[in-house]
Structure formats: structure tokens, C-alpha cells
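A.B. asks: Have a look at the structure that comes next, please.
The values are calculated or read from the model by the stated rules, or taken from the named source; none is laboratory data. Everything quoted here is computed from the prediction, not taken from an experiment. Note that each Cβ is placed from the backbone with ideal geometry, even for glycine, and that neighbours are counted across all protein chains shown.
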Amino acid sequence: MSNTVRVQPDLNFVKELQAVGGESLKKCYQCATCSVVCPLSPDDSPYPRKEMVWAQWGLKDRLLNDIDIWLCHNCGTCSDLCPRGAKPGDLLAALRNMAYRNLAKPSAIGKWMSSSKFIPLLMAIPAAIYLIIWFIRAAVLKDAFPLNADGNVVYGLLFPGDYTIDPVFSLAFLFMVCAFVSGTRALLKSFEGMPKTYILGRKEQPGLIRCLVETIKYEVARHTQFQDCGQEPQDVKRFQGHLLVFYAFVALLVVTGVVASGHWFGGWFLGGVLGLEDPFTKLLSWAGHTPMPLWSPVKLLANAGAAALIIGLVFLTKRRLNLDKAKQGSSWYDWYLLTVIWAVALTGVGSEFLRLVNAKYLAYPTYFLHLIAVFMLLAYLPWSKLGHLVYRTVALAYARKIGRIPMQPKG
């Protein structure tokens, strides 16, 4: 006797899913071409065919707890070869967009990040913070565009790092980490009902930490699944663009870490509190002092990171502009992320150039915009598409743990 399963579709969920990028899902007639051509889909219960069925039926809980939406790297092969133009790749992207909006708390920010109409509000928060700082410092200095004693632009005059930049961004970073913790917990909880795969010859299930380390080693550091996700010229450019942007952020993160540790640990703690004057303390303090000379190794790394970031953005933006809209679309989440990273890159490079040429009336406004862009990238990260850096990494590690994707062979 067969078991009866009651299907209770959520029609509002279907409409919501269509609104965030899955508008073509009703065109699917279940030919399974998408699952056959996907270079990453497992043989057992492959995606994205089943996701197309669940979406058409409005099975919200089944979809939002589906680990496979994170295993897809959105190469677009399934959408390119779909005979009905149902865009299964866009559906999985739309599901991830819904996850970005709902995983982390407070969920209000997820709502704001889901539509362009909230952009003024998202920008107004950091803009208000730094405008207040600008007005206060201008009143103290009696100059809204000050120069130092040598007649040079120094951003620290208007925005002192110790009292404005570091505290604000430290709080934004802490806020981001707390949001990611809540979002990751919710993500792992949603996977608890996933079936475990029995692998012949596998003595025991690997621990999550081991799986996480392997995921970072291969999928994050080497982008191996991006390499496997199609070999057409546009796929290669996409892989190169992602890798350049990723390592550009790594380089800029290292620079930020060196400056912060040099200033606070070297200059303030070792030099100021302990009163040390040894060569190491002096070197560390020098590494954290800004503005840096152009020949400084830290500055060279920062400029190399900026160059890699812009080149990677060119690759990714060009690919997205050249997408065949009949086969693969771009959502608000795609363009928001590209726009914010472009803003960070261009205002950062512009701030450096305008400071060097001492164009104070352009330098300070450009730096002000740079602060806004960096704040938006950092503070809203768990609700943006870039949140996949954490969520997808955790999902891939969990998929390794349960056998959904294999561990890398040793040796």
C-alpha cells in the first residue's frame, strides 16, 4: 500500500520567488535537461530539476531547507540549454536571494536589501554618521577642507582614525559577525533533516571542522568548483574574475590587518603603554602609520589589491552585461553587489590619487563616499549576495560531512 503525501502549496511563496528572480519557473515541463547537463549536480537526487518541481508546487519549507541551492555556482549551463527558457539557474539564484534576506537577524535589513527603493535609507545610515563627524571636526579646525602643516591633504584631519574610523568600523564588523553567527546557525539548523548518504568504504563520517578546512582549501582558496562549472570562454573569464576579486579582498584585508596591528599593538601598546623603543616596535609602528609612502611594501600590496579588484570587476561586469536575457537574467542582488564593490574600488583609488595631487575640494568628498561604500559593503554583508562567501562555504562543508559531495582524495 502506497503512502499518501499531502502537498500544501504556498502560492504567496511562489509569487515571492518569482519577484526575486524566479519569474520563469512555470515554463518548466520537467524534461530534466538541467540536471543532466549540470557539471556539478550529484547523480543521486540531482538538481535543479527537483527544485523546479518544488517551486511550481509552492513547497516553501522543502526549498528553503534545501542544501543544493548552495551547491550550485550559477554557471548558467542549465538555463542556456533549457528547451523552454525556464531559467533553472535563475531559480536557484532567487532561492539564495531569499535566504540572504531571511537567514540573518535583524530581518528588517534583509527586507531593505531586497529592493532598490531602500537604497537611500541604507546609504543614509553611514552618510549621517560621517557627516556628523565632518561637521564637528570642521568646527573644531575652523576649516571643512583642512591641510596639514606642510600644506597637504591628510584624511585623518577630518576623520581621525583613533576616534572615528576605527570605532565605527569595529562596531560595523562586530555587527556583521553577530549577524553571520545567527545566519549560520539558522542555515545549519535547516539542514538537520537532510538525508545522510551511505558511502561504501567510508569508515566514519568526517567532522564538520575537517570538512570546513577542506572546503576552504579547495572551493574557497582555489575555486575548484568554479573551474568545473563550464569551460567556455565566458566561464573561464567568470572564474578568473571571481578569483581576482577574492584575492584582491584578501590583499586589502591583510593591509587593513597590518595597519591596525601596527598602529594599535605596535604604536599604542608596545610604544605608548609599555614604552618600548626596540627595532621591532619601531618597525611595527611604522607599518601602521598612515598615510604611507608609495614605496612602502604595505602600500604596494594595497595598490596591487586595488588593481586586481578593478580587473576582476571588469571581467564580471562585462560577463553580466553580455548575458542573453532570454536564457539567464540578472537580479537586483547581482547589480547591488557589483555596484557597491565598484564604488569601493573607484572611490578608494580616487581618494589616493586626489590626495597625492592635493585636490582638497575633491579629495575629501571622494573619501567621504569611500567611507559610505565600505560601510555598506561591510555592515550589510550577511544580507547581500556576497554573504555566500560564508553561507556557501558552510553549506559545502556540511555537504561533505553528510556525503552529498565527496571529500578530496588524500595525497
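A.B. asks: Out of everything in region 75-108 that is surrounded by fewer than 21 Cβ atoms within 10 Å (Cβ to Cβ) and of a type in the set (A, V, I, L, M), what residue ends up being farthest from Leu17 (Cα to Cα)?
C.D. replies: Leu81
A.B. asks: Separate question: Are any residues in region 236-251 farther than 18 Å from His388 by Cβ and surrounded by 15 or more Cβ atoms within 10 Å (Cβ to Cβ), and if so, which ones? I'd like the intermediate steps shown before the answer.
C.D. replies: Going residue by residue through region 236-251, those that are farther than 18 Å from His388 by Cβ are 236-237, 240, 251.
Those that are farther than 18 Å from His388 by Cβ and surrounded by 15 or more Cβ atoms within 10 Å (Cβ to Cβ): Lys237, Gln240, Ala251.
A.B. asks: Within region 179-269, considering only helices (runs of 4 or more DSSP H) that don't extend past its boundaries, which have at least 3 residues that are at pLDDT 90 or above and under 24 Å from Val394 (Cα atoms)? Give the steps one after another, and end with the answer.
C.D. replies: Details: elements: 208-215, 224-228, 233-260.
Result: 208-215, 233-260.
A.B. asks: So which residues in region 1-50 are out of contact with any Cys (no Cβ under 9 Å at 6 or more places or on another chain), crowded, with 16+ Cβ neighbours inside 10 Å and at pLDDT 85 or above, if there are any at all?
C.D. replies: If the condition is that a residue be out of contact with any Cys (no Cβ under 9 Å at 6 or more places or on another chain), crowded, with 16+ Cβ neighbours inside 10 Å and at pLDDT 85 or above, then Pro42, Lys50 are the ones that fit.
A.B. asks: Looking at Ala138, Ala144, can you tell me which residue is assigned to a helix (DSSP H, G or I), modelled with pLDDT of 90 or more, assigned by TED's automatic domain parsing to the domain that holds His370 and surrounded by 13 or more Cβ atoms within 10 Å (Cβ to Cβ)?
C.D. replies: Details: Ala144 fails: assigned to a helix (DSSP H, G or I).
Sole residue among the options that is assigned to a helix (DSSP H, G or I), modelled with pLDDT of 90 or more, assigned by TED's automatic domain parsing to the domain that holds His370 and surrounded by 13 or more Cβ atoms within 10 Å (Cβ to Cβ): Ala138.
A.B. asks: Which condition does Tyr391 not pass, out of (1) more than 27 Å from Gln18 (Cβ to Cβ); (2) at pLDDT 95 or above, if it passes all the others?
C.D. replies: Looking at each condition in turn, Tyr391 falls short on (1).
A.B. asks: Among the residues of region 286-323, which ones are of a type outside the set (A, V, I, L, M, F, W, C), touching a Phe, Trp or Tyr at 6+ places or on another chain (Cβ under 9 Å) and within 23 Å of Leu252 (Cα to Cα)? Steps first, answer last, please.
C.D. replies: Looking only at region 286-323, we keep the residues that are of a type outside the set (A, V, I, L, M, F, W, C), and these are 288-291, 293, 296-297, 299, 303, 305, 312, 317-320, 322.
Okay, now just the ones that are also touching a Phe, Trp or Tyr at 6+ places or on another chain (Cβ under 9 Å), so 288, 290-291, 296, 305, 312, 317, 320.
Answer for region 286-323, where residues must be of a type outside the set (A, V, I, L, M, F, W, C), touching a Phe, Trp or Tyr at 6+ places or on another chain (Cβ under 9 Å) and within 23 Å of Leu252 (Cα to Cα): Gly288, Thr290, Pro291, Ser296, Gly305, Gly312, Thr317.
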